[in-house]
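See structure below.
The values are calculated or read from the model by the stated rules, or taken from the named source; none is laboratory data. On a predicted model such as this, the values are computed, not experimentally measured, just so you know. Ideal geometry is used to build each Cβ from the backbone, glycine not excepted, and the neighbour counts take in all protein chains shown.
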Amino acid sequence: MSFTTFIQHCLTGISLGGAYALIAVGYTMVYGILRLINFAHGDIFMMAGYFMIFAMVSLPWAVAIPVVIIATVILGVAIERVAYKPLRTAPRMSIMISAIGVSYLLQNLATYLFTALPKAYPTIPLLKKIFQIGDISASLVTFITPVLTIALVIGLVMMINHTKIGMAMRAVSKDFETSQLMGIKINTVISMTFIIGSALAAVGSILYFTDRMSVTPFSGTLPGLKCFVAAVLGGIGSIPGAVVGGFIIGICETALVALGYSTFSDAFTFVLLIIMLLFKPTGLFGEKIIDKV
Amino acid sequence: MLKIKDLRVSYGGIEAVKGISLTVPEGSIVTLIGANGAGKSTTLRSICGLEKPQSGEISYFGENIAGQPTDVIVSKGITLVPEGRRVFPDLTVYENLKIGAYLRKDAEIAKDVDWVYDLFPRLKERSWQMAGTLSGGEQQMLAVGRALMSRPKLMMMDEPSLGLAPLIVQGIFDIIKEIHKQGVTILLIEQNANLALRAADYGYVLETGNITMEGTGSELLNDERVKAAYLGKKKK
């Protein structure tokens, strides 16, 4: 493999990793607050893909992007209100089953509304612009994805550590009841979590599908699972963990494809999950969970 | 200030509070004593909206607050120092105090942080430490300080002496009296009946969800039945 090809693959891997990281943050945040694996998150990401297709029919891309983000946020918050909030006091297993139900509901709804045939993802001319540095050429999206990911995550971490709502999120993630005693509205904080998670999924979706060029109702399943693995790998509940996990999975997957083992690239992700769970179940950055007696 | 009438609360399928009535006059220290499972915590939890009462009235300055959401009740000036302290372990001491003032929008929050640091100089030394690294006594100070940050009119305390060394317990009670002097009404529940009744103006004895006795602190301290059951002194 020539040096140029190597760099080219590295860029692709980092870019894919960035998109994964954005989705993985959504999993890890919801888990941090609700101790729930939001299985519908991958499908929210898929729906964001369809929203973009429809938005771009009549809107210029600069308007379509915020519209898509807002629509995805509304979808995410609505799912929380309808499918998770009524189960707040139910056993954790019930709410998880509800999440799986929402996931299938979204997939089938998309199949019903948009058919299972792949729909072409619109091109955003700016993102598709090819850059040439020496022998290496890549579209702008490849460069933008990791930069944007890191910038968004730094912004998010700053928000969590330095703002009032961020402080409330940290408090709620530790202790619902005492947070309520402080006067924190739990539901507002939970909605905020879904707003952020869905907005990041929408951005991730735009970056991811711009490279893939088509959306099907099942486009969210595998990336969703992989990002979940990324979140577990990094230590679920930890935002930096989810980002590192996302990049690891994106880069490993691309490396395997580059080496000619593309058949195994998906399987590898899950092998990684099994190995991680066997040797360090709390993930790279995960906190040790001490059950209170 | 606070009047409870015929309060009934079920907790985990059993009726923990079976129709109690009590009064907390403004400016007083009132205590509820009783054994484990007598319904003391459930009473406090329903006053601040963490449990929904089945029936009865909780009137606060004449307004029935029974069943209102916790954040609304807290905004009216009621606060609870929960059992077991429950400070936020991953937040610094300073952030724990700030979050106590979560509902406040006035400009005097910084001043009140200083006020709490004056009451508890130990907390000031540990301002930037994670609350989880504090000792039990320091965590209790922080829990009290955090509750004060909401500028409560009524502060309820659930077993502030639990699991603390006697010397530290004495310190906590001195602070409770100091806070009371500064104009905060206090509703205190305790298993350490002796200490609680000495501090209180008025006391209620709760047994399996019912109030069985009431009286001023000294009346109850000298009552033979209270002595036998809660103060560990034999009847003569």
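Residues in segment B:67-86 that are in a helix (DSSP H, G or I), facing chain A (nearest Cβ under 8 Å) and either more than 10 Å from residue A:183 (Cα to Cα) or more than 16 Å from the chain's Cα centre (by Cα) (or both): B:71, B:75. The set of residues in segment B:87-96 being more than 7 Å from chain A (Cβ to nearest Cβ) and either farther than 21 Å from residue B:163 by Cβ or touching a Pro at 6+ places or on another chain (Cβ under 7 Å) (or both) consists of B:92, B:94.
Are any residues in segment A:6-63 of a type in the set (Phe, Trp, Tyr) and either buried (at least 24 other Cβ atoms within 10 Å of the Cβ) or more than 25 Å from residue A:86 (Cα to Cα) (or both), and if so, which ones?
A:6, A:20, A:27, A:45, A:50, A:51, A:54, A:61
Filtering segment A:130-142 to residues that are surrounded by 12 or more Cβ atoms within 10 Å (Cβ to Cβ), out of contact with any Asp or Glu (no Cβ under 8 Å at 6 or more places or on another chain) and outside any strand (DSSP E or B) leaves only A:140.
One line per residue, one yes/no per condition, for (1) at pLDDT 95 or above; (2) of a type in the set (Gly, Ala, Ser); (3) surrounded by fewer than 22 Cβ atoms within 10 Å (Cβ to Cβ):
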| position | (1), (2), (3) |
| --- | --- |
| A:226 | yes, no, no |
| A:229 | yes, no, no |
| A:237 | no, yes, no |
| A:243 | yes, no, no |
| A:246 | yes, yes, no |
| A:257 | no, no, yes |
| A:260 | no, yes, yes |
| A:266 | no, no, yes |
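Within segment A:67-89, is there a residue that is in contact with a Leu (Cβ under 8 Å, 6 or more places away or on another chain), within 21 Å of residue A:55 (Cα to Cα) and not aromatic (Phe, Trp, Tyr)? Scanning segment A:67-89 turns up at least one residue that is in contact with a Leu (Cβ under 8 Å, 6 or more places away or on another chain), within 21 Å of residue A:55 (Cα to Cα) and not aromatic (Phe, Trp, Tyr). Would you pick out the residues in segment A:158-174 that are in a helix (DSSP H, G or I), within 14 Å of another protein chain (Cβ to nearest Cβ) and surrounded by fewer than 21 Cβ atoms within 10 Å (Cβ to Cβ)? A:160, A:161, A:162, A:164, A:165, A:166, A:170, A:174, listed by residue number.
Of the set (1) within 30 Å of residue B:91 (Cα to Cα); (2) in contact (Cβ under 8 Å) with a residue 12 or more places away in the chain, all apply to residue A:206 but (1).
Would you say residue A:106 is without any contact (Cβ under 8 Å) to a residue 60 or more places away in the chain and either within 20 Å of residue A:206 (Cα to Cα) or crowded, with 21+ Cβ neighbours inside 10 Å (or both)? Considered against the rule, which asks whether it is without any contact (Cβ under 8 Å) to a residue 60 or more places away in the chain and either within 20 Å of residue A:206 (Cα to Cα) or crowded, with 21+ Cβ neighbours inside 10 Å (or both), residue A:106 comes out as no.
Taking each residue of segment A:90-102 that is under 20 Å from residue A:44 (Cα atoms) and touching a residue at least 40 places away in the same chain (Cβ under 8 Å) and looking for partners that are part of a loop (DSSP other than H, G, I, E, B) and of a type outside the set (A, V, I, L, M) with beta-carbon atoms closer than 7 Å, six or more apart or interchain, yields A:99/A:38; A:99/A:39; A:100/A:39. A single entry from B:169, B:116 fulfils the requirement of being farther than 30 Å from residue B:36 by Cβ, away from chain A (no Cβ under 12 Å) and out of contact with any strand residue (DSSP E or B) (no Cβ under 8 Å at 6 or more places or on another chain): B:116. Selection over segment B:124-135 of residues that are assigned to a helix (DSSP H, G or I) and away from every other protein chain (no Cβ under 12 Å) gives a count of 3. Residues of segment A:31-55 that are modelled with pLDDT of 95 or more and of a type in the set (A, V, I, L, M): A:40, A:44, A:46, A:47, A:48, A:52, A:53, A:55. Answer with yes or no whether residue A:239 is more than 13 Å from the chain's Cα centre (by Cα) and either on the phi > 0 side of the Ramachandran plot or of a type in the set (A, V, I, L, M) (or both). So residue A:239 fails the test. Counting residues in segment A:175-194 that are within 14 Å of another protein chain (Cβ to nearest Cβ), of a type in the set (Ser, Thr, Tyr) and surrounded by 21 or more Cβ atoms within 10 Å (Cβ to Cβ) gives one or more.
For (1) in a helix (DSSP H, G or I); (2) crowded, with 19+ Cβ neighbours inside 10 Å; (3) of a type in the set (D, E, K, R), each residue gets a yes or a no:
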{"position": "B:176", "(1), (2), (3)": "yes, yes, no"}
{"position": "B:187", "(1), (2), (3)": "no, yes, no"}
{"position": "B:194", "(1), (2), (3)": "yes, no, no"}
{"position": "B:198", "(1), (2), (3)": "yes, no, yes"}
{"position": "B:203", "(1), (2), (3)": "no, yes, no"}
{"position": "B:206", "(1), (2), (3)": "no, yes, no"}
{"position": "B:214", "(1), (2), (3)": "no, no, yes"}
{"position": "B:218", "(1), (2), (3)": "yes, no, no"}
{"position": "B:228", "(1), (2), (3)": "yes, no, no"}
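Residues in segment B:27-59 that are closer than 24 Å to residue A:182 by Cβ and loosely packed, with under 15 Cβ neighbours inside 10 Å: B:52 only.
Please identify the pairs in which a residue from segment A:215-238 that is in a helix (DSSP H, G or I) has its Cβ atom under 6 Å from the Cβ atom of a residue that is among the polar types (S, T, N, Q), counting only partners at least 6 apart or on another chain. Every condition considered, the pairs that remain are A:226/A:269; A:229/A:269; A:231/A:28. Residues that are polar (S, T, N, Q) and not in a helix (DSSP H, G or I) were ranked within segment A:103-128; the one that is farthest from residue A:44 (Cα to Cα) is A:123. Annotation: residue A:115 fulfils all but one of (1) closer than 14 Å to residue A:219 by Cβ; (2) surrounded by 13 or more Cβ atoms within 10 Å (Cβ to Cβ); the unmet one is (2).
So that you can scan it fast, the table gives a plain yes or no per residue for (1) part of a loop (DSSP other than H, G, I, E, B); (2) at pLDDT below 95; (3) away from every other protein chain (no Cβ under 12 Å); (4) in contact with a strand residue (DSSP E or B) (Cβ under 9 Å, 6 or more places away or on another chain):
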position: B:122; (1), (2), (3), (4): no, yes, yes, no
position: B:137; (1), (2), (3), (4): no, yes, yes, no
position: B:141; (1), (2), (3), (4): no, yes, yes, no
position: B:147; (1), (2), (3), (4): no, no, no, yes
position: B:155; (1), (2), (3), (4): no, no, no, yes
position: B:160; (1), (2), (3), (4): yes, yes, yes, yes
position: B:164; (1), (2), (3), (4): yes, yes, yes, no
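Among the residues of segment B:97-110 satisfying the criterion of being assigned to a helix (DSSP H, G or I) and at the interface with chain A (Cβ under 9 Å from one of its Cβ atoms), which is surrounded by the fewest Cβ atoms within 10 Å (Cβ to Cβ)? Per the criteria, the residue is B:98.
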